[in-house]
Each structure stands twice: as C-alpha cells, then as structure tokens.
Amino acid sequence: MTGARIPAVIAAVAALTWPIGGAHGGVDAESPDLVELCVRVRPAFVFIGGGSGVVIRPDGLMLTNHHVIENNRTHPVRLGDGSTFRARLLGADPHGDLAVLKLELPEDTTVPYLELGDSEDLAVGDDTLAVGNPFGLGVLDQAPTFTAGIVSALNHVQGTYTECIVTDSEVNPGNSGGPLIDMSGKVVGINGQISTRFGLRSNTGLGFAISARQIALWLPRLEAAGGGEIKHGRIVGLDYDVDEESQQERVAVADVAEDSPAFAAGFRPGDVIVKLDGADVPNALRLVSLLGIYPEGHECDVVVRRGDTEETLRVALAAPRRCQIGMRLERLRSDELTARVAAVEEGSAAAAAGLAPGDEIVAVDGKRLEFTSRAEVKAFDKMLRVNFDEGRIFVLTVRRQRGEDGGEPTEVDLRLVAR
C-alpha cells in the first residue's frame with residue numbers, strides 16, 4: 001500500500017476491529033461508543049473524485065454513486081487509512097445511481113471493509129452515521145467526516161430513488177456515494193441525494209440513501225457486468241390504474257398485452273395487485289416504488305386478488321425495448337387544429353390496432369384532446385413518433401366517416417399495444 005501513514009493508536013484500533021461490522025464488530029447497539037465506531041469505520045471509506053465510496057469486501061469491492069464516477073472506467077482512490085489504489089469499474093446502474101468498482105490490489109493483499117447490512121431491519125428512529133467528503137473537506141485533513149442522525153422515513157420515493165432511506169444525518173455535495181452506517185458498523189445504505197431549497201446546494205435536513213436491500217439485489221449482476229450497465233426490470237405488458245371509485249386505493253389491472261411476459265405469468269384484466277415479493281401494494285405509487293429497486297431478470301412473486309380468491313403469479317422482470325407505433329399525422333391545413341392520421345406503417349402496432357389514414361384522434365386513454373394552438377398539435381405528433389416501451393397499451397379514440405360515401409362520422413375506440 002502507498003499513501004500517508006495514520007497515527008499508531010488509530011492503526012492499532014483499526015487492526016483489532018478489522019473486518020468491521022456484524023459479528024466482527026463487537027459494538028453494543030444499545031450504547032455505542034461513537035468515537036470508537038468512527039475510528040473503526042474510517043479505514044474502509046473511499047475518497048473518489050470529489051465524492052465518496054466505501055469498500056464492502058476485503059478483496060477491494062467498493063460501492064459509490066454512478067453520478068460520482070460519471071463515464072470514467074478507472075479512478076485513483078484513497079482509503080480512509082491513507083492507502084491509495086486505482087479502482088476499475090465493474091458495472092453501473094445509471095438510472096438507480098449505483099456503481100460497483102474493484103480496487104486493483106497486489107496479490108494476496110486485503111483492505112479494510114464494512115459489511116453490507118440489511119436495511120429491512122431498520123426502523124424509523126434508528127440511529128445512523130453518514131460518512132463522506134462534503135465540500136471536499138477531506139482534502140484538508142485527509143479524513144472523512146461523520147454526521148450523526150436518525151432514520152427519518154423508509155420506503156420513500158425521491159426522483160429515481162425508490163424505496164430509499166430518508167435520514168436527518170447531515171449530508172452535502174461530496175457525501176454522494178458514501179455509506180450510511182448503523183450502530184453495528186454495517187452499511188445500510190449509500191447516500192446520494194439531498195433535499196434543498198432556494199436553489200442552494202446544501203442540506204436542509206433530509207438526505208436520501210439507496211437501501212442495502214436494493215444494493216444486495218443488484219450486486220451480483222453489477223459485479224459480473226464487465227464494465228457495462230444493467231437496466232431496471234419492469235412487468236412488460238401490464239397496464240394498471242388506481243380504482244378511484246373505491247374508498248381505499250388499490251391497484252387494478254386494466255389491461256394485459258397478449259404475448260407479453262405479464263400475460264405469460266397469468267395476469268388478467270380485473271386482477272387487483274395485493275403484494276409484490278411479500279411487500280404490501282396499497283396503491284400504484286408503492287407498486288412503482290417497489291418495482292424500481294429490481295434489476296432486469298429478477299423474478300417476482302405477485303399476489304393478485306381475483307374475485308374472492310388470491311393467486312400468486314411469478315413473473316420475470318424485463319427491460320422493455322423501445323419501439324415506435326408506426327404512424328404520422330397530416331400537416332395542418334389553414335387554422336384547423338386536428339390530429340388526423342396521414343399514414344400508417346404496414347405491420348406496425350398502429351396497423352394492428354386498426355388505425356387508418358383519415359382517422360382523427362380525439363382522445364387518448366379516455367382523455368379528450370383539446371388543442372388551442374398549432375404548436376400543441378405538432379407536439380402531439382412528435383410524441384406519437386418517439387419510442388415507447390414495449391408492451392405499453394393505449395386506447396385511442398378516433399373519429400371516422402361512416403362508409404366510403406361519407407355520412408355522419410362515428411367515434412371508435414382502438415386498442416394499441418407498442419411492439
């Protein structure tokens with residue numbers, strides 16, 4: 001190892017407590033010695049760029065945020081004990097903001113590490129420590145900072161972070177990628193986002209961390225990604241909505257695309273989704289939040305209520321490919337503000353739905369189109385031409401003439417499945 005030497009007393013304590021956390025830690029969770037805990041945690045911390053990271057295995061496997069490493073494949077890093085290495089990217093999840101790297105260690109060398117904990121054991125009010133490099137303060141004294149707080153909330157949605165941990169441990173720019181630690185010294189999350197006000201890049205009392213549960217789900221795939229990216233999984237071919245007529249929100253399956261993973265798993269219109277991998281699904285937001293933590297390829301058990309019975313369906317999550325629906329609108333004539341179909345590609349999703357040139361689109365999924373300007377019509381036309389997720393289901397209401405000789409127009413609902 002290279003780099004600055006740490007004080008002998010700190011090195012001695014670190015040696016006695018390495019590896020850190022769990023059965024190896026020996027910290028009394030009821031009355032932890034915070035000074036001792038900080039000393040024990042520090043050697044496994046990673047300074048990477050202007051951000052933070054943490055080693056979670058003695059062979060040098062480390063975690064950080066994707067936005068910390070950006071698009072670089074290798075990085076010079078420094079551990080909290082002063083040793084320096086190069087770290088190589090193994091795999092990344094840009095959407096979920098997670099990256100896994102590996103320190104390039106000499107043969108038969110190990111490094112200090114923190115064990116990955118189980119965020120499912122956390123409760124609101126539990127004590128936490130955030131370890132990081134806020135505002136680059138580690139450049140001054142070559143040491144990370146520690147901020148204490150509690151778990152403020154669980155299973156929260158913040159941007160692309162879902163099922164994340166909310167903490168009032170002070171985190172700021174530079175803390176990104178650093179660990180959120182429980183009182184046994186285990187990593188229960190990776191800090192990555194903060195709540196701000198008035199455009200200021202400083203903490204206002206809430207920080208958001210990717211949960212250890214999500215990390216554990218992604219780790220095997222990211223470690224084996226060969227420097228590439230792993231995508232998030234979805235239940236492809238499933239269209240669901242919230243039953244607004246019920247006094248209690250619920251997630252009802254509105255439609256299922258034939259020949260899709262959802263159809264093959266056994267989902268049918270009218271099913272009410274009750275649980276996903278053992279977690280309750282009270283509303284559509286929670287369903288989206290739960291699905292957001294899974295990588296493509298993960299198999300989920302979904303409990304649905306069908307009539308008076310419940311069934312468990314097993315579905316493999318997939319990263320839906322992007323596809324076009326195969327249609328374009330006519331150019332606008334004079335002051336006419338209508339979305340009239342000009343052409344439909346043969347063999348496309350639009351053709352399979354029954355769209356035809358001359359059809360005027362008047363509603364999408366039951367919502368009437370009320371254009372007030374030519375720009376709005378053009379924006380709608382552009383939206384129809386972009387790529388949609390495979391299995392996405394639309395209901396287009398079109399107005400068309402009766403027969404070839406004209407007559408009174410009629411409105412028809414056409415079901416369109418992106419494929």
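The values are calculated or read from the model by the stated rules, or taken from the named source; none is laboratory data. Since we're looking at a predicted model, the values are computed, not measured. Note: ideal-geometry Cβ built from the backbone for every residue, glycine included; neighbour counts use all protein chains shown.
Restricting attention to segment 136-170, and to residues there that are buried (at least 17 other Cβ atoms within 10 Å of the Cβ) and closer than 15 Å to residue 45 by Cα, which single residue is modelled with the lowest pLDDT?
Residue satisfying both the conditions and the ranking: 138.
How many of the residues making up segment 104-115 are part of a strand (DSSP E or B) and either surrounded by fewer than 24 Cβ atoms within 10 Å (Cβ to Cβ) or charged (D, E, K, R) (or both)?
Initial filter on segment 104-115 (part of a strand (DSSP E or B)): 114.
With either surrounded by fewer than 24 Cβ atoms within 10 Å (Cβ to Cβ) or charged (D, E, K, R) (or both) added as a condition, the list becomes none.
Summing the residues that are part of a strand (DSSP E or B) and either surrounded by fewer than 24 Cβ atoms within 10 Å (Cβ to Cβ) or charged (D, E, K, R) (or both) in segment 104-115 gives 0.
Considering (1) surrounded by 15 or more Cβ atoms within 10 Å (Cβ to Cβ); (2) at pLDDT 85 or above, say which one residue 379 fails and leave the rest.
The number of the failed condition is (1).
Can you pull out the residues in segment 302-317 that are loosely packed, with under 15 Cβ neighbours inside 10 Å and over 11 Å from residue 274 (Cα atoms)?
Hits for segment 302-317 are 307, 308, 309, 314.
Every residue in segment 162-185 that is part of a strand (DSSP E or B) and in contact with a helix residue (DSSP H, G or I) (Cβ under 9 Å, 6 or more places away or on another chain), please. Lay out the reasoning, then the answer.
Taking segment 162-185 first, the residues part of a strand (DSSP E or B) are 162-167, 179-181.
Result: 162, 163, 164, 165, 179, 180, 181.
Within segment 127-146, does at least one residue satisfy the condition of being in a loop (DSSP other than H, G, I, E, B) and within 22 Å of the chain's Cα centre (by Cα)?
So far as segment 127-146 goes, no, none of its residues is in a loop (DSSP other than H, G, I, E, B) and within 22 Å of the chain's Cα centre (by Cα).
All but one of (1) modelled with pLDDT of 95 or more; (2) more than 17 Å from the chain's Cα centre (by Cα) hold for residue 222; state the number of the condition that does not hold.
(2)
Somewhere in segment 71-87, is a residue at pLDDT 95 or above, more than 21 Å from residue 34 (Cα to Cα), out of contact with any Leu (no Cβ under 8 Å at 6 or more places or on another chain) and of a type in the set (Lys, Arg)?
So far as segment 71-87 goes, yes, one or more of its residues are at pLDDT 95 or above, more than 21 Å from residue 34 (Cα to Cα), out of contact with any Leu (no Cβ under 8 Å at 6 or more places or on another chain) and of a type in the set (Lys, Arg).
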